[in-house]
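Student: Could you have a look at this structure, given as structure tokens, before my questions?
The values are calculated or read from the model by the stated rules, or taken from the named source; none is laboratory data. On a predicted model such as this, the values are computed, not experimentally measured, just so you know. Note that each Cβ is placed from the backbone with ideal geometry, even for glycine, and that neighbours are counted across all protein chains shown. Protein only, heavy atoms only, side chains kept; ligands, DNA and RNA dropped before computing areas. Shrake-Rupley method; radii C 1.70, N 1.55, O 1.52, S 1.80 Å.
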Amino acid sequence: MARKTVLHALHLELGARMVDFGGWDMPVNYGSQIEEHHQVRRAAGIFDVSHMCVVDVRGEGVRTFLSRLLANDVAKLRQPGKALYSCMLNEAGGVLDDLIVYFLNDEWFRIVVNAGTRDADLAWMRARAEEWQVAVAIEERIDLAMLAVQGPLAREALADLLSESDRGAALALKPFFGCECGHWFVARTGYTGEDGFEVMLPAAEAEPTWRALNAAGVASCGLGARDTLRLEAGMNLYGNDMDATRHPLESGLAWTVALEPADRDFVGRAALEAARASGGVARLTGVLLEGRGVLRGHQKIFVQDREYGELTSGSYSPTLECSIGFARVAHDCPNRVEVDIRGKRLPARLVKLPFVRQGKKCFEIPSEESVS
Amino acid sequence: MSQVPAELKYAKSHEWVRVLSDGRVEIGITDHAQSALGDLVFVDIPEVGRELAAGEACAVVESVKAASDVYTPIAGRVVESNAELATAPEQVNQDCYGSGWLLRLEPASADELAGLLSAEAYTELLAAQGN
């Protein structure tokens, strides 16, 4: 039996086509996912992301606990409300999940993890707390719904639903900061490459909030548009672009691993140091299909007879009107490659991510061949 | 509710067949199929002259979400493919029984048409599949 968010009945009422996503019955689109994609790039859209799991970690030992649990360093979180993107690794350096952690106060951090990994993540966190004998309370906030309001007009639209003082506080948030607004938690984060907010709010308030945003011109958007938006924005999807068998360095996530200070011991550190020392680490990169067709995960990348790797994600880019994807390739892969699509080799280019930020194309095709 | 025009024949795999006045047949995907796929962004159609067996995978329609094979409901030789879909695949979403047709065949045998589903039978099939 698929799990349902508190907004399930509203999605059906709005005509959504529903699909299974990580065990949840979720809206993939409300008509045209390409239209929904453009709405977010050009104006504003709203997504139900209540299937994601909000976890509050409280207690005196919380900072020490997270410092050891996460590959990024929570010591970077000094101002209340500041958010940090991090991987949670196993001892082999494999990515158990990617998450956002918010610093609320010295005894309270909030973590948002993926839907498909929520049960395993909670079990892992609790087992580590017990193993390390740290006194922290780990609470799954099933009482909260989560909405993502994204696009150039999104922040104003959401802020208009807040009280005057909260409105000012929310609009004053810098990127990757959040604040409490009454019973809501509003953060300037997202998964689309556009400005916007992610909002955690009591479940009963999700439906009237959604309707109010629709009335203000914010379009209902499904997971289909969410996927093409994150792909254009160069953001990884857990389970596609990384998983427990892949470490962050080969998943385009080296920037999220804090190896300094050298004396911070975190789960997976030794494995990552060994991988880095041995060299020749594969890389995750953007791929642009030069001709017609559609890139998909698991298509193979070739240069002449040598196979260099495969696509981890692929789709059609509504903004660029061509097919784009991510691929994990050997470190010495040239930038001009071929992709095997149903037995045909089609020319493609490896490009630096992201493809699109804030509505604009932002990569360049290298003018000459180089091995990077 | 999906549209199922009464004058067409259907295959269980969600293609439709129209018999043209010159005896050739036109093939496309049904309203149910285009709706399930979502926004189409690429259509790969067979070359003119190719001989197809009944049930053979003859085209690929790709939406943002996924690629899906199209199977020819009857055998025949491809005499025309819809070139406009190369630059406007969305026509399959907008008008799947009209400008969104995929290919035209010179059928190997007129008898095969009798084995296809009527509009009524295809509607029942959709209902039985929970649509």
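Student: At 7 Å along the Cα-to-beta-carbon direction for both A:Asn240 and A:Ile142, put a label point, then send me their distance in nm to one decimal.
Tutor: Distance between label points: 2.9 nm.
Student: Rg/Rh for segment A:248-361 to two decimals, with Rh computed the Kirkwood way over all alpha-carbon pairs.
Tutor: 1.05
Student: Tell me, what ³J(HN,Hα) does each residue in segment A:96-107 have, in order and in whole Hz, if you take phi through Karplus 6.51 cos²θ - 1.76 cosθ + 1.60 with θ = phi - 60° and put x for Gly and Pro?
Tutor: Whole-Hz 3J(HN,Hα) from phi for segment A:96-107: 6, 5, 10, 8, 10, 10, 10, 8, 9, 7, 5, 10.
Student: For A:His38, A:His298, give me the order by solvent-accessible area with a 1.4 Å probe, most accessible first, ignoring ligands, DNA and RNA.
Tutor: A:His298, A:His38
Student: Reported to two decimal places, what Rg/Rh ratio describes the protein assembly as shown when computed on Cα atoms with Rh from the Kirkwood expression?
Tutor: Over the Cα atoms of the protein assembly as shown, Rg/Rh equals 1.02.
Student: Distance in nm between label sites at A:Ala212 and B:Thr87, each 7 Å beyond Cα in the beta-carbon direction?
Tutor: Simple spin-label model gives 4.8 nm for this pair.
Student: With a 1.4 Å probe and every protein chain left in place, tell me how much accessible area A:Lys360 has, in Å² to the nearest 10.
Tutor: Its heavy atoms expose roughly 140 Å² to the probe.
Student: With every protein chain left in place, what is the accessible area per residue of chain A in square angstrom, probe 1.4 Å? Kindly include the intermediate steps, with their values, before the conclusion.
Tutor: Working: 15490 Å² over 372 residues.
Each residue of chain A exposes 42 Å² on average to a 1.4 Å probe.
Student: Something else: If I compute solvent accessible area with a 1.4 Å probe over the protein chains, what percent of it on chain A is carbon and sulfur?
Tutor: About 51 percent, which is the carbon plus sulfur part of the accessible surface.
Student: Rounded to the nearest 100 Å², what is the sum over both chains of accessible area buried where A meets B, with a probe of 1.4 Å?
Tutor: By this definition, chains A and B bury close to 1400 Å².
Student: Now for a different question. Accessible area per residue, 1.4 Å probe, Å², for chain B: what's the number? The partial results should precede the final answer.
Tutor: On the way: 5870 Å² over 131 residues.
I get 45 Å² per residue for chain B.
Student: Put simply, what bits of segment A:297-328 lose 10 Å² or more of accessible area when the other protein chains are there, versus the chain on its own (1.4 Å probe)?
Tutor: Buried on complex formation: A:Ser315, A:Tyr316.
Student: Let me ask something else. Considering only protein heavy atoms and a probe of 1.4 Å, how much of the accessible area of chain B is carbon and sulfur, as a whole percent?
Tutor: 48 percent
Student: For a quick protection proxy, order the peptides B:23-31, A:267-275 by their average other-Cβ count within 10 Å, most packed first.
Tutor: B:23-31, A:267-275
Student: Still on this structure: How far apart, in nanometres, would the label points at A:Ala75 and A:Glu321 be if each is projected 7 angstrom from Cα along the Cα-to-Cβ direction?
Tutor: For A:Ala75 paired with A:Glu321, the spin-label model returns 5.1 nm.
Student: So who's got an amide H within less than 5 Å of the one on A:Gly252, skipping anything under 5 residues away but keeping other chains? H placed 1.01 Å off N, in plane.
Tutor: Under 5 Å from the amide H of A:Gly252 lie the amide H atoms of A:Leu284, each far enough along the sequence or on another chain.
Student: When the Kirkwood radius is taken over all Cα pairs of segment B:9-108, what Stokes-Einstein diffusion coefficient follows at 37 °C and 0.692 mPa s, in µm²/s?
Tutor: This corresponds to a translational diffusion coefficient of 251 µm²/s.
Student: Whole-Hz ³J(HN,Hα) for each residue in segment A:148-164, computed from phi via Karplus 6.51 cos²θ - 1.76 cosθ + 1.60 with θ = phi - 60°, x for glycine and proline: what do you get?
Tutor: 10, 10, 9, x, x, 9, 5, 5, 4, 4, 6, 4, 5, 8, 9, 5, 4
Student: Keeping to pairs on different chains or 8 or more places apart, tell me how many lysine pairs in the protein assembly as shown have Cα atoms under 18 Å apart.
Tutor: Close lysine pairs under the 18 Å cut-off: 5.
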